[in-house]
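Read the structure below first, then the notes.
The values are calculated or read from the model by the stated rules, or taken from the named source; none is laboratory data. As the structure is a computational prediction, the values presented were derived from the model and not from experiment. Cβ: placed from backbone, ideal geometry, glycine included. Neighbour counts: every protein chain shown. Heavy atoms of the whole protein, side chains included, go into the accessibility calculation; ligands, DNA and RNA do not. Shrake-Rupley method; radii C 1.70, N 1.55, O 1.52, S 1.80 Å.
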Number of protein chains: 2
Amino acid sequence: MLIREATSADWPAIWPFFHRIVAAGETFTFPTDLGEEDGAGWWLLPAPNRTVVAVDEDGTVLGTAKMNRNHQGNGSHIASASYLVDPAHGGRGVGRALCAYTVEWARAAGFRAMQFNAVVETNRHAVRLYESLGFTVIGTLPEGFRHPTEGYVGLHIMHLAL
Amino acid sequence: MLIREATSADWPAIWPFFHRIVAAGETFTFPTDLGEEDGAGWWLLPAPNRTVVAVDEDGTVLGTAKMNRNHQGNGSHIASASYLVDPAHGGRGVGRALCAYTVEWARAAGFRAMQFNAVVETNRHAVRLYESLGFTVIGTLPEGFRHPTEGYVGLHIMHLAL
């Protein structure tokens with residue numbers, strides 16, 4: 001698996017699983033009806049923020065991550081990131097590799113911490129993954145997310161000092 | 001004191017204290033060098049979000065609030081708001097009136113909760129005001145804010161169920 005910079009040429013490969021995951025509305029606070037063109041604007045970030053893809057030996061896109069400054073002004077030392085793994089390629093450590101990559105990026109870019117603003121508490125696989133990389137839940141917005149089958153559930157705010 | 005919709009015609013009255021407060025860099029995670037034109041874009045929000053001003057009997061702008069959806073998609077039921085009071089008109093309950101106004105707006109607009117994403121913990125007057133209106137600190141981002149004189153201090157995430 002290789003993690004490299006994403007370009008707009010990767011969007012046709014990202015869009016099918018981006019759309020599937022976002023439209024399902026179980027894990028992201030993105031508009032669930034986000035279209036292909038608008039979705040690219042949400043995901044492919046301009047510098048100094050970054051978007052990467054994890055690709056297989058044959059170039060297949062397995063997953064993607066975006067990483068960005070999370071606050072402005074005197075909160076500029078806090079980074080954030082988001083991850084999407086193609087469900088067809090789950091269970092291979094793609095999410096873990098992407099998350100670790102973004103932590104290294106944030107550290108190298110001089111950020112002092114990472115913050116996730118909205119981790120759906122029923123997305124237990126993601127919560128466990130982030131915790132295994134050192135993130136902790138610093139607070140939970142009660143009923144912050146309307147899960148399509150589980151009803152109103154909490155949104156974790158997670159943090160990792162760098 | 002009257003609270004009414006802000007228009008771009010109010011910006012010249014808002015800008016001097018907006019600039020003073022934002023440039024001081026003690027309470028907002030806005031770029032501290034935000035210029036007058038860009039500042040208007042940060043503060044005067046298009047519908048369905050709203051910006052209001054609190055004005056005196058003679059029309060003097062005492063303070064202002066913006067209120068907005070805080071998450072998208074399945075987090076769309078969470079609102080947020082921000083407040084600025086002209087220091088020349090502090091101590092008159094302007095901040096409290098603006099905060100109460102935004103809570104009522106959020107309730108009437110059908111939001112289920114309000115969330116403040118980044119309340120600087122050394123801004124004790126604001127924290128106490130929000131708590132007196134029922135908000136609670138649900139988490140604190142450690143060292144999330146670089147205060148110009150107090151160094152790295154926490155950023156509270158605050159919440160009020162509606």
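Data for the structure
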item: Kirkwood hydrodynamic radius of the range B:49-116, Cα pairs, Å; result: 12.5 Å
item: Prolate/oblate/rounded label for the protein assembly as shown (Cα gyration tensor, a/c 1.5); result: prolate
item: Gaussian network model of chain A, springs between alpha carbon atoms under 10 Å - residue of A:Glu26, A:Glu57, A:Glu143 with greatest fluctuation; result: A:Glu57
item: Among B:Val120, B:Gly39, B:Val103 the positive-end extreme of the charge dipole of chain B (Cβ point charges); result: B:Val103
item: Average partner coverage of A:142-152, which counts Cβ from other chains inside 10 Å; result: 4
item: Semi-axis lengths, Å, the range B:1-97, gyration tensor of Cα atoms, sqrt of 5 times eigenvalues; result: 21, 17, 13
item: Pairwise burial B:A, computed as accessible area of each alone minus the pair, summed, 1.4 Å, Å²; result: 2400 Å²
item: Environment charge of A:His159, counting only residues whose C-beta is closer than 12 Å and scoring Lys/Arg +1, Asp/Glu -1; result: -1
item: Carbon and sulfur %, accessible surface of chain B computed with the full protein complex present, 1.4 Å; result: 49 percent
item: Residues of the range B:61-114: accessible area per residue with a 1.4 Å probe, Å²; result: 34 Å²
item: Gyration tensor (alpha-carbon) shape descriptor, the range A:78-162, a/c threshold 1.5; result: oblate
item: Rounded if a/c under 1.5, otherwise prolate or oblate - chain B, Cα gyration tensor axes; result: rounded
item: Highest average packing first - A:29-36, A:148-155, Cβ atoms within 10 Å; result: A:29-36, A:148-155
